[in-house]
Structure formats: structure tokens, C-alpha cells
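Let me give you the structure first, and then I'll get to my questions.
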Amino acid sequence: MTEATSSNVVVEMKGIVKRFPGVLASDHVDFQLRAGEIHALLGENGAGKSTLMNVLAGLYRQDAGIIKVNGKQVEFSSPRDAIQAGIGMVHQHFMLVPSQTVTENILLGLDEPRFFMRLQEYDSKIAELGERFGLKVDPRAKIWQLSVGVQQRVELLKMLYRGANVLIMDEPTAVLAPTEIEGLFQTLHAMIADGKSVIFISHKLQEVTAIADHVTVLRRGVATASNVPSKGVSRQELAKLMVGREVVFFVDKKPQPAGDVILDVKDLHAENDKGLPALRGVSLNVRAGEIVGVAGVAGNGQNELSQVIAGLRKCTQGEVHLSGDKISNRDTLYGIEHGMSYVPEDRTHVGSAPNLSVTDNVIMKNYRKSPISNRGVLDMGAATKFAKELKAAYDIVVPTVNTPVRLLSGGNLQRVILAREISGHPNFMVAVQPTRGLDVGAIEGVHRLLLTQREAGAAVLLISEELEELLSLSDRVYVIYEGRIMGEIKVQSAEPDESMIEAIGLMMTGTPLEQIQKEGVAAHD
Amino acid sequence: MTESTLAKRRRSYRIKIEPRLDEPSAWFPAAVSLGAIFIALILGGILISVAGGNPIASYMHIARASFGDIGVLSDTIVKATPIILTALACSIAFRMKLWNIGAEGQFIMGAFGASAIVLAPVLPAEASRWLFIPIMAMAGMAAGAIWGFIPGYLKAKFNVNEIISTLMMNYIAISWVNFWVFAVWTEGGFQMSPKFPETAWLPRLSQYAASIPVFRGLTTHAGLFLGIVAAVVLWFIVYRSRWGYEIRLIGDNPHAAKYAGINITRNTVWVMMLSGALAGLGGMSEVAGVVHRLQTAPLAAGYGFTGIIVAWLAKLNPLVIIIVSILFGALILAGREIQPSGVPKMIQGIILVCLIASDYLLRYRVRLVRVGTDGEEA
């Protein structure tokens, strides 16, 4: 631990305690931020990173502990107080009004301008501010027209405009493509050069070591390391501090020949909820005993693809075949009855019924059949027995199977869903972001379950934004961009190969594979 | 207290409200509800004293007037019977988050359908009770189901807001019955049909007074039996049948239901029909058990709307609905006893508001916490 001189410490948090019912989210955490540094706050999901920073940003009040800003003790009762002290936070979920312009969003809630908006004047002010920090945004653009990456810039501008000296970024890279991440890092460096400080919340080790000057690691609400210079630690050491044990980065995948084509998607077109084209001619296939990955930045048609396959969305053109049967534009039930299982991205809104019990949630796919029901009558004894078996087999931590699933943690809820989807012995499974928001231990469990499916001869389509996950699990990876497949890559070994990752990165931002191969990866730089 | 000491207080203690993350124990909801009723009675007591009455005496009077002896208890149950059935009707629709506020109209149409058997006449006046009652019950349920089917189909097919359509259907039902009692089945120009033959009445306890003297003068009729049977059947459907599971799943999360391959469109229509049929059975029970003729005023007395509240207070549980309905029957009966309108209605309202507000305690936990005292004057 290094002691900073009091003169250059901007923010000091001492002994911060924050309790939520049943959880000690922050247990006497100390945190120090120096002027002009990027300080990473590292930890697994649920480690208390966001909680700690929400306290600093005035969203939560600590139960104990003190906060000093520029040496003066402060008490924030709202984010407004925090921003007045120069602390601004960019949340994971943006807080923007889609139908308003960039300028209008930035001015929202401020005292100036008072009544007459005089927007042009402010447009130029904001454009100027953006110029200074390398945040290129059209001030007159409406938010809904902007990509997620640009929306993030608007959020940053909002904080800068309010005079924030300390910027808290909550997992800013989660929504960005690799090229956009580079841009964000440049912006952060520009802000540091301007004398501002940045707190960078992340659970991604490589980003932390790439950008941060110092690192504070949290695990289960406790700081396992504070203010460690990031130059002096290795990724393995950080990972150990984060999870409390050595992490196996690469899963043990046995080579195995692929069987018949189970899922065959041909020239699939579909629209999103707004009626805009989301899939524009996707073709791919998955064979028995094979995990096939779909890589891409969120919102490039992955969700629509999984929904068309699962029968939850109609396609406008093209076909989906499951073991030779056409399943596109048929009832959802048809797929379920023909051995398809689906792990949706949205666990709480699609994958489960939050107020129903664990039992009611695990019988969602097999309640039509004996032994769970006979001639329309549910056999609650059989259902409870089934739920108890799954609880034991899949390590679902829950007091009883009658507990409503809304009380379950993310990892446990995912285990409930996976248990349900796997217990039907599917011959094909679509899994969308199956490890999102889970801690390392739970991720390992999910990976193992997916590999077991592969070994059992099922075909698995894995849609994920985690490249490392895709490369370590998949036999082949398709890359999707704006509803089109940019290319297909065979994963030969679990060792990530730099040029392959770079090629995938380029495909994720819209360069087709043929073009990459023609120009060569090096030529692109 | 000066402002500075107040500020100090606020600094050292704070009331903290946080969402409950664990399931409260089984007795807790019941205790909270009883507490809420108790507080409501205190508030109502204040109201009574302001109005110049004696709260304790008034409450005693209410209790006597609704549960005091077997005669008034019987009257309470007669009042509760239609509410049980309309509340069951609402509960099954609400379970699927279909906001059927048309139980009133479905109830009236049920009464109409049952009456038509007598008045059309479908069955001759000298037909036996064993023929009349089941056929009238079926006709009532069918008429109610049709009245539920229309908004259900519109909702499923064209996404017509069921709140508006069911509400409007209430007025159509009243006007429809008005037309028949004025124009077709009128008794000497009055706004009512002729009285039904006794074979078309639901049997009353008083009919058995000859063999069981205690039953003398008791108006409780077989509609109560219909209500209890309906509640038990509905309980079984909701908690023990495949269909009920689908309804619960759709109600809790329609996206998950679709994901599980459940046809929401079809279930919307079926559930609205079941809901209408239950309200229709209520209408049949009222017309054959109490009114004994088709007449708008005593039938359109707001039972369908009371059913909404009762279903909600019973947390949509069919068996709890029976108990809550009886309490409501008592309130209606005893309220009239003290004052035709006014204070008793207000007390009803206070009880409702307190009960609904108490729900907050089931979802949130309120704690008094000490805040670290190191916060000095900034």
C-alpha cells in the first residue's frame, strides 16, 4: 500500500460501510483517488464496486465512514450535492431522454438557461467542450439516432459540462466495440491531461492493466488491495485478489468430431421491435456435438436471431431448420417439443417468472407431460420432487423450492434456468449471454455445463459478447455485424491467437472476412 | 424544539425504508392486515366522535347488526353470496392481469340468462326444481361467459383495452335488461318481470324450518353453496391444474409464458369467459335466491364493483375471498343499520385504504437506524 501526500489526494473515503438487507455490500472500505490519475476499481459482479461509487456519487448514503473531497469532509444527500463537489458518475445504463437532442439532454436539470433556451449558443459551447476532450458529438442530434458508444460520450459531456473533476465510469467498456474502446481510452487520457481524475469500474483484467495507474480490488464488499500501482502487479495476481483463488482461464475442451447438421439457418431476415431490419440474410449451421459461437457487439441482431430460432419472433424471409424440420414461423411449442432449449439473455424478464416459486419455474418446459401433469392436473408431489432433484444436481442455493425466484442471486437464477433447459436433454440449445453478470465461480460452472452438453452430443449455439468465452468454448465462431454474418472462424486451439482476435475485432466493426484476408491484417493498421 | 436540536436528532437517528429481500413468515401478512383494520377502526372512531356519535357504541352496534344473532348472520351471508361470486370472477381475470371491471355487467347478464329460462319460457312453470335450478345456473353462466367473451376476444384479437370495453359492457347490460323488463316481460307496466314460480327459486334455509326449527326465518339460500363450490373449484384450477399454471405464468410474466410456448391469445379469451361465467352464476344466484324476478335496480347494486375490491383484498386467493366477502356483507348490512349513507361508507373507505396501504409493509421493511455521530456541522 502506498501513502499519497495529502496535497494531491482529491477523494478520500474512509471506513465506508453500506448494508443492504441481508448483504454487507461495503465493509469498511478505504479508497483514495489522486489528482490526474486513472484509478481502477476491480472486482467481480456483486463485489460492491458500484455500491461504493454510488455512495461517492451521492446516490446512496453510507451507514458509516467518512468522505473527504479535497481534504474537506462532505456529506452528499443527492447526486446534485456530489456534482457540486465536482464528482460525476456515468452509469452503466445511460440516463438520457431519447427524443431530445444532445444539447437538451446536457442542459436538462440545470439552472441555466432559465426560460429562453437559446439553444444555438449552447450547441456551440458543447461542441467546443467535446473538441477539447476528443468527444466528437453532433450537439443537435437526437439521442435515439446515436449509437451506444456516442451516447456514452454524451453522458461524459454531461458530467464535464457540469464541471466534474472526478469522473466515475461504471463498466464503460461493456457496451463498446473494440475500436470504440480505444477511442474511450484516448478520451480518458485527454481528461487526465486536463487535470481531471477518473475512477474506472471494471471486472476485466486486461483493461485495468492497460489503462489504470492504480488499482483497488474489492471482493465481497472488502478491499483486498488498495491503491496498488498497476505496473507492479500481474493479471494473475489481480485475479487472485479478485476471486480469492487462482482462476483457470482456459477451459478443458476435448477435441471431438462433429456430427450431423442439427440447426440450419438459411438466408434469414427479420425485423426488430421497431420494424427495422435486424437480420439481413444470416446463414449458419450447428452440428451435433459442437459449440458454435456468435460474436458481435450488442444490438447487431443477436437477440433477434435467437428469438427467431426459438420461435418467439417471425422471420420475413429465409428459413430455420431443426434436424431437417422447418421451425421458423411456427409456434414456440413446436421447437420445445422437438428438443430445443433456449437460455435467453434476459433472465428476469424472459427466462423466469419472478414471483413464482423455484418449482413453478423449473417445470416451465415440461409441465405438459407426465409425471409433472396427468390429463390436465398438476402433480405437485412430482413437481416438487423434480425441483428438489435439480436443486441438488445443479447446486441451486435456495432455502426451499417454494421460494420465489426473485429472491435468488443472478448466479442462482441462471442455474435454475440452465437446470431447466438442460434437464430436458435437448438435442439443440441456444444460449444467449449465459454468463453475463455472473461471478467467476458461477461462470466456470456454466461453461462446464455447456461443455457437458457438447460431450453429450447436443448442438449448442452460443451467442456472447465475451470474446474470451467464445474462443475458449466454441469449435467455430461466426461474427455478426448489423444483421449480417461477416465471416466464420475455426477455433483450432484454446490459445488465443493475436491475429485471429484482431480479425474478429475488425469483423465486429463491419469488415467482412474476405476483405480482411485480401488486405491482410497488417495493412489495415 | 428548536431547529438545531431537530437537526441533531435527524443526524443521529434515521428512519430507513428498504425493500424486503426475504420472504416474510406466513403469519406476517395476516398480522399486518389485522393491524391495518385496527388502525382504520381508530380513525373511523375519531370520525364518528367528530360527527357527534359514540365510537364504541357504534362499533358494538355494527357488530350486533351483522353477527349478533343467527338471523342477522344469515342476512350478512345473503349479502356476501353475490360478492363471493363476483370476487371470484374478478380474481381469475386479475390473476392473468386482465383488468375485467365488467363483473357488474356479466352479473346482470347472468341474471338475465337465468330469468330467460323462466320468462321466455324455456321451461314450463310446473317443471321441477331439479330441472329449473341446474338449467338456470347453466344459462346464467353461459350469458355471463358471452359477456366476458366479447371483450376477451377484442383484447386477444385487436388488443382493445379491456378496462374500457368491460366498463362499457356494464352499461349495455343494464340497458339490455331494462329493455326486457320494460317492453317484453313487464308486470303491469312496472319495471319488473312477474315473480318466478317457487320451483325456480333457490332453496332457503327457512324452508326447512319445519324439521329444523333453528332455521325459522333464515333467508340464506343455496347460492352460498354455489359460491363455496365455485371457490373450491377455482382454487383447484388455479393451483393444481395445468391451465391454472399457465394462467399464473402469464399473469406473472407474459414474456416467460410465451417463451414456455403458452398461447396467450387463446388463454385471454378462455379466462375472460370463465370470469364472465362466474359473475353470471352470481347473477343467477341473486335473481333465483333473493330477488325472484328480473328487475334492474336490486341486481345492478354494485356487486361487480365490490367484487373487484374483495378480490384484491383477498390477494386473489379464492378461499380467502369467501371470508373477505362475508366481512364486506357485514359492512354493507350494518352500515345501513346506522345510517343509509355517509359515515358507514366512509369507514368502509378508511378500512380499504388502510388495508391497501398496509401492503407496503409486506414489500418494504421500515427500520430505525443510528447514523454515525461523526457528522459535524458542515
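Sort the range A:249-338 into rounded, prolate or oblate with this rule: let a ≥ b ≥ c be the square roots of the eigenvalues of the Cα gyration tensor; rounded if a/c is under 1.5, and if a/c is not under 1.5, prolate when a/b is larger than b/c, oblate otherwise.
Oblate, since a/c reaches 1.5 and b/c is not below a/b.
By the gyration tensor of its Cα atoms, with a ≥ b ≥ c the square roots of the eigenvalues, what is the shape of the range A:4-102: rounded for a/c under 1.5, prolate for a/b over b/c, or oblate?
Cα axes put the range A:4-102 in the oblate bin.
Taking Cα atoms, how many degrees apart are the long axis of helix B:103-119 and the longest axis of chain B, rounded to 10 and kept between 0 and 90?
That works out to roughly 10 degrees.
Right, something else. Which FRET efficiency value, to the nearest 0.05, do you get for A:Asp273 and B:Trp27 by plugging their Cβ-Cβ distance into 1/(1 + (r/R0)^6) with R0 = 51 Å?
Approximately 0.70, to the nearest 0.05.
Just how large is the dipole of the protein assembly as shown about the Cα centre, in debye to the nearest 20, putting +1 at every Lys and Arg Cβ and -1 at every Asp and Glu Cβ?
2900
Taking amide H atoms as placed 1.01 Å from N in the peptide plane, list the residues 5 or more away in sequence, or in a different chain, whose amide H sits under 5 Å from that of A:Met486.
A:Val479, A:Ile480, A:Tyr481
Work out, in µm²/s and without decimals, the Stokes-Einstein translational diffusion coefficient of chain A at 25 °C, 0.890 mPa s, Rh from Kirkwood over C-alpha pairs.
Result for D is 98 µm²/s.
Could you check the simple spin-label distance between B:Lys345 and B:Phe305, using points 7 Å along Cα→Cβ, in nm with one decimal?
It works out to 0.9 nm between the two label points.
On to the next question. Over its Cα atoms, what ratio of radius of gyration to 2.2 N^0.38 Å does the range A:195-328 give?
Here the answer is 1.55, to two decimals.
Highest first, please rank the peptides A:210-221, A:120-131, A:458-469 by the mean number of other Cβ atoms sitting within 10 Å of their residues.
Details: A:210-221: 21.6, A:120-131: 15.9, A:458-469: 23.1.
Highest-to-lowest ranking by the protection proxy: A:458-469, A:210-221, A:120-131.
Express in nm, to one decimal, how much length is gained between A:Leu59 and A:Asn374 on full extension, taking 0.36 nm for each residue of separation and deducting their alpha carbon distance.
Stretched fully, the A:Leu59-A:Asn374 segment lengthens by 108.2 nm.
Hey, fewest Cβ within 10 Å first, where do A:Thr224, B:Thr76 land in order? It would help to have the intermediate numbers written out before the result.
Details: A:Thr224 19, B:Thr76 25.
Arranged by neighbour count, lowest to highest, A:Thr224, B:Thr76 become A:Thr224, B:Thr76.
Shifting gears a bit: Taking the Cα of A:Leu333, stepping 7 Å toward and past its beta carbon, and measuring to each backbone N in the range B:239-262: which are under 19 Å?
Counting backbone N atoms under 19 Å from the label point, the list is B:240-262.
Return, ordered by residue number, the residues of the range A:347-382 whose backbone nitrogen is under 18 Å from a label point located 7 Å along Cα→Cβ of A:Val397.
Flagged as within label range: A:358.
Measuring from the lowest to the highest alpha carbon on each principal axis, how far does the range B:58-217 reach, largest first, in angstroms?
In descending order, the Cα extents are 57, 45, 30 Å.
Still on this model: Of all the Cα-Cα pairs you can form in the range A:60-101, what percent are over 12 Å apart? Walk me through the numbers before you get to the answer.
On the way: 597 of 861 pairs.
Counting every Cα pair in the range A:60-101, those more than 12 Å apart make up 69 percent.
Within 10 Å of each residue's Cβ, count the other Cβ atoms and sort B:Cys90, A:Cys315 from fewest upward.
Result, fewest neighbours first: A:Cys315, B:Cys90.
Normalise the Debye intensity by I(0) for chain B, one equal point scatterer per Cα, no solvent, then take log10 at q = 0.12 Å⁻¹ and round to two decimals.
-0.98
Continuing with this model, one more query. What Kirkwood Rh does the range A:30-159 have if only Cα atoms enter the pairwise 1/r average? Answer in Å.
Every distinct Cα pair counted, the radius reaches 16.5 Å.
Put +1 on the Cβ of every Lys and Arg and -1 on every Asp and Glu Cβ in the range A:174-316; which of A:Val217, A:His189, A:Leu263 then has its Cα farthest towards the positive end of the dipole?
Final value for the positive-end residue is A:Val217.
A further question on this structure: Which one of A:Ile516, B:Thr220, B:Ser165 has its Cα pushed farthest toward the positive end of the charge dipole of the protein assembly as shown, where Lys and Arg give +1 and Asp and Glu give -1 at the Cβ?
The residue sitting farthest along the positive end of the dipole is B:Thr220.
Additional query: Once you charge only the Cβ atoms, +1 for Lys and Arg and -1 for Asp and Glu, what is the size of the charge dipole of chain B about its Cα centre, to the nearest 20 debye?
760
A further question follows. Please give the FRET efficiency for B:Phe158 paired with A:Lys326, using the beta carbon to beta carbon distance and R0 = 25 Å, rounded to the nearest 0.05.
Working: r = 29 Å, r/R0 = 1.17.
E between B:Phe158 and A:Lys326, to the nearest 0.05, is 0.30.
If you don't mind, another one. Filter the trypsin sites (Lys or Arg not before Pro) in the range A:50-122 to those in DSSP coil with at most 13 other Cβ atoms within 10 Å of their Cβ, and list the result. Numbers along the way, then the final one.
Numbers: sites: A:Arg61, A:Lys68, A:Lys72, A:Arg80, A:Arg114, A:Arg118; in loops: A:Arg61, A:Arg114, A:Arg118.
Of the trypsin sites (Lys or Arg not before Pro), the ones in loops of the range A:50-122 whose Cβ has at most 13 other Cβ atoms within 10 Å are A:Arg114, A:Arg118.
Output the Cα-based Rg and Dmax of the protein assembly as shown in Å, rounding Rg to one decimal and Dmax to a whole number.
So, for the protein assembly as shown, Rg and Dmax equal 33.4, 106 Å respectively.
Can I ask one more? Tell me whether the range A:331-394 comes out rounded, prolate or oblate; compute the Cα gyration tensor, take square roots of the eigenvalues as a ≥ b ≥ c, and use a/c under 1.5 as the rounded threshold.
It is oblate, given that a/c is not under 1.5 and a/b is not larger than b/c.
Among DSSP beta bridges lying fully in the protein assembly as shown, give the percent that are antiparallel, nearest 5. Before the final figure, lay out the partial values.
Numbers: 56 of 92 bridges.
The antiparallel fraction comes to roughly 60 percent.
What residues of the range A:86-125 lie in the reach of a label at A:Ala141, counting those whose backbone N is under 18 Å from a point 7 Å from the Cα along Cα→Cβ?
The answer is A:94-107, A:123-125.
Further, regarding this structure: Any idea what the dipole of chain A comes to, in debye rounded to 20, about its Cα centre with Lys/Arg Cβ at +1 and Asp/Glu Cβ at -1?
1420
For B:Ile42 and B:Arg365, FRET efficiency with R0 = 22 Å and r from the beta-carbon atoms, rounded to 0.05?
Using R0 = 22 Å, I get an efficiency of 0.40.
Enumerate the amide H contacts of A:Arg313 below 5 Å, restricted to partners 5 or more residues apart or on another chain; note that Pro and chain-start residues carry no placed amide H.
A:Val308
Would you mind giving the mean number of other chain beta-carbons within 10 Å of the Cβ of each residue in A:329-335, as a whole number?
Details: counts 0, 0, 2, 7, 4, 1, 1.
The shielding value for this peptide is 2.
Right, next: Report, in deg cm²/dmol and to the nearest 500, the calculated mean residue ellipticity at 222 nm for chain A, where each DSSP H run with n ≥ 4 adds -39500 (n - 2.57) and the sum is divided by the residue count.
That comes out to -9500 deg cm²/dmol.
Roughly how many nanometres apart are two label points built 7 Å out from the Cα toward the Cβ at B:Arg216 and B:Glu198?
Taking the simple label geometry, B:Arg216 and B:Glu198 are separated by 1.8 nm.
So, in nm, how far is label A:Ile501 from label B:Ile228 when the simple model puts each one 7 Å beyond its Cα toward the Cβ?
Roughly 7.3 nm, to one decimal.
Then there is this: What is the extension gain from A:Lys254 to A:Thr509, computed as 0.36 nm multiplied by their sequence separation minus the C-alpha to C-alpha distance, in nm to one decimal? Each step should come with its number before you reach the end.
Numbers: separation 255, 0.36 × 255 = 91.80 nm, distance 3.13 nm.
Stretched out fully, the A:Lys254 to A:Thr509 stretch lengthens by 88.7 nm.
Now a separate question. How long is the range B:175-334 along each principal axis, judged by its Cα atoms, biggest number first, in Å?
Sorted largest first, the three principal extents are 58, 43, 29 Å.
No lab work stands behind these numbers, since they all come straight from the coordinates. Everything numeric in this text was worked out from a predicted model, so none of it was measured. Every residue, glycine among them, receives a Cβ derived from its backbone with ideal geometry; neighbour counts consider all protein chains shown.
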